[in-house]
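Note sheet for the following structure.
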Amino acid sequence: MKILPRKPSICASVIAHTVEEFLDAARNARDADVIEIRADGLKVEPPSGQKYRAEIKRLLRNVKIQTGLPVILTIRKEKEGGVFKGSEAERVACIEDAMKLADAIDIELRMEEEKREEIMSEAKKNRIPVILSYHDLDKTPEEDAMKAILEEEAGAGAGMAKLAVKANSMVDVLRLLEVTREMSSKLSIPICTISMGELGKISRIAAPLFGSAISYGYVTRETAPGQLSVSQLKQAFEMLGVR
């Protein structure tokens, strides 16, 4: 995916309530290669509609101007760990309205297929890469199931296939890393794999050693369980000589 300047890349995942809070965090993401804007965190009443869309676009414009970094737009629904309060139709409309101001978008593999294809078609017209993501907030599926998910994302036209699953044991982490090793070589697109939770923290550093193209870190507050900070990721990668 062209927006990744190196492998592994560090992505600063930023969530906040106001445009100004987002920008404060983004300006402090000096060690990142890419910024993910978790726009579902914006507190605008009502949580959709023209005012909400205008704020997202203002946010994206200013992040790019003030940081010079590529931007991933994500508006995550609650079922997959997000906080967007509007309807699914409103979420789709917000993504389509703002995507031209982003360098890539992240949407869920398991969203309604018709809506997913609608967004991907619009993204293709605008040459915006799509990260297709899958989240299991409770467990780590069997290895064959994880491989099938990544293959499904690639087959659906993703620019990057993303898999984030909850680790309930260190064995879960090891299984994810093995899937990462195999699928990063097998698929023709980059993959991102994450083992979430405290037990999965090591995957934020280890998964890129096994072929994951990007590692997400926080600037001011975690956007997912078990995240490390952007500066911690940079330090770890430099110590291991992978960048």
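Just so you know, all these numbers are worked out from the coordinates, no wet-lab data involved. In this text, all values refer to a predicted model and were calculated from it rather than measured experimentally. Counting neighbours? That spans all protein chains shown, and the Cβs are built from the backbone with ideal geometry, glycine included.
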Taking every Cα atom in region 130-243, find the radius of gyration and the maximum pairwise distance Dmax, and write them in Å.
13.1, 37
Which value, in nm² and rounded to one decimal, describes the direction-averaged projected area of the C-alpha convex hull of region 25-114?
5.8
For region 184-205 and region 1-67, compute the distance between their C-alpha centroids and round to whole Å.
22
Once the Cα gyration tensor of the chain is diagonalised, semi-axes √(5λ) in Å
26, 21, 16
How would you rank 97-106, 210-219, 122-131, highest first, on the average number of other Cβ atoms within 10 Å across their residues?
210-219, 97-106, 122-131
Return the ratio Rg/(2.2 N^0.38 Å) for region 82-127, where Rg is computed over Cα atoms only.
1.09
The summed charge of the K162 Cβ neighbourhood (under 10 Å; Lys/Arg +1, Asp/Glu -1) stands at -3
